[in-house]
1. Could you tell me how many degrees, from 0 to 90 and to the nearest 10, lie between the Cα long axis of helix 161-172 and the main elongation axis, the longest principal axis, of the Cα atoms of the chain?
2. When the dipole is taken about the Cα centre of the chain, and only Lys, Arg (+1) and Asp, Glu (-1) are charged at their Cβ, what size is it in debye, to the nearest 20?
3. What is the helix-to-structure angle for 292-305, meaning the angle in degrees between its Cα long axis and the longest Cα principal axis of the chain, kept from 0 to 90 and rounded to the nearest 10?
4. Arranged from highest to lowest average of other beta-carbon atoms within 10 Å per residue, in what order do the peptides 145-152, 179-186, 24-31 appear?
5. Based on the mean of other beta carbon atoms within 10 Å per residue, what is the order of 13-23, 41-51, most packed first?
6. Return the distance in nm (one decimal) between the two label points of a simple spin-label model at A61 and L279, each offset 7 Å from Cα along Cα→Cβ.
7. What ranking, highest mean first, results for peptides 218-225, 195-202 when packing means the other Cβ atoms within 10 Å averaged over each residue?
8. Let me have the relative contact order for the stretch 1-141, percent, based on Cα pairs under 8 Å that are six or more residues apart.
Amino acid sequence: MATSTYTNRRILLASRPDGTPTTHNFRLEDGPAPEPSEGEVLLKILYLSLDPYMRWRMNAAKSYAKPVEVGDTMEGGTVAEVVRSRHPDFSEGDIVLSHSGWQKYAVSGGNGLRKLDPSQAPITTALGVLGMPGFTAYSGLLTIGQPKPGETVVVAAASGAVGSAVGQIARIKGARAVGIAGGADKCAFVRNELGFDAVIDHRTPDFAAQLASACPEGIDVYFENVGGRVWDAVFPLFNEFARIPVCGLIAQYNHGADGFPGPDRLPLVMRDILSKSLLVRGFIQREFVDQRPAFYREGSEWIASGSLRYREDVVDGIDNAPEAFIGLLDGRNFGKLIVRVATE
Ligand code: NDP
């Protein structure tokens with residue numbers, strides 16, 4: 001492949017983590033950026049999205065998507081500027097959503113690029129509230145959770161990209177939103193800025209008792225983002241016919257193939273799935289791709305009206321991506337985690 005005058009910097013998967021990733025699992029590599037061929041564009045990455053799913057991609061085992069190979073660039077969603085175009089549909093200066101990974105420059109044939117209009121919304125929102133995480137909340141909650149007015153909807157990681165939207169959309173649909181978050185600052189944000197009806201700190205010793213008091217009429221929808229201890233506290237509170245969209249299990253991602261350590265909960269879970277007629281349904285957001293136009297329309301309207309608010313946690317410089325990503329798996333981010341790779 002021909003090279004351009006731009007210097008690229010990439011972050012590669014250097015080795016597969018055993019448990020919690022460390023910065024040694026990543027390697028930084030500089031080299032010339034590729035030159036676009038006919039029908040291609042050269043993208044300058046402005047923002048990189050860091051998301052929990054990337055932890056799965058670091059493992060050798062295939063999950064719902066292929067792992068990143070050792071020595072390959074870490075993958076990820078990006079917002080980029082077209083700096084050279086040899087593609088009829090894109091001009092220099094266009095801002096696009098792409099999936100270019102942890103690097104400063106990338107070449108694309110145009111497939112999967114979506115043009116963004118910076119006058120409509122801040123371009124970072126395409127990675128968060130108006131992007132994959134926001135859509136995950138929208139599609140999982142409305143299709144599987146189906147909250148009804150007056151019902152109680154519980155969501156953990158409630159200050160984060162997905163959870164913050166879940167609770168607010170539940171409220172838009174007339175349900176009562178109870179958030180679970182880590183620490184006083186996140187809890188204050190969820191209650192006061194996002195307007196959840198109640199919020200509980202999962203780091204407090206009497207977390208399970210506090211959650212039970214915050215849900216006096218039980219739980220009708222539990223949007224599962226976390227698993228582990230949080231699941232244990234939520235599980236006894238399910239009402240008959242509760243719906244449980246299983247979106248993520250972040251508390252388990254660093255625990256390898258054996259899952260989360262602890263007693264076998266399966267017999268009790270199966271008993272309640274049966275006796276309470278629970279609906280437990282896992283999903284990957286792309287399953288609901290046909291709902292994206294409705295999401296962009298409704299999501300934009302809700303943001304404009306102030307009923308859907310969001311917070312972004314922007315880290316400067318691609319060199320800091322590994323550290324920031326490791327922190328995400330431990331709750332150190334506060335809002336949708338994004339790396340500013342270059343200035344707009
Ligand atoms: P967030 O922005 O919410 O960041 C992750 C948050 O998870 C942390 O800030 C922390 O919040 C919480 N967390 C981390 N580790 C633990 C732990 N051990 N125990 C309890 N909480 C923990 O991330 P996203 O909104 O992007 O993702 C939320 C979930 O949604 C993830 O599980 C992710 O994998 C899943 N997801 C699934 C998709 C799908 O298609 N099914 C698509 C996108 C995301 P706090 O400090 O408040 O505990």
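1. 50
2. Roughly 420 debye, rounded to the nearest 20.
3. Result, in degrees: 80.
4. My ranking of the peptides, most packed first, is 179-186, 145-152, 24-31.
5. Ranked from most to least packed, the peptides come out as 41-51, 13-23.
6. Roughly 2.9 nm, to one decimal.
7. 218-225, 195-202
8. Details: 290 pairs, mean separation 34.9, N = 141.
Computed over the stretch 1-141, the figure is 25 percent.
The numbers here are math on the coordinates, done by the rules we state, and not lab data. Because the structure is a prediction, the values reported are computed rather than measured. Heads up, the Cβs are rebuilt from the backbone with ideal geometry, glycines too, and the neighbour counts pull from every protein chain shown.
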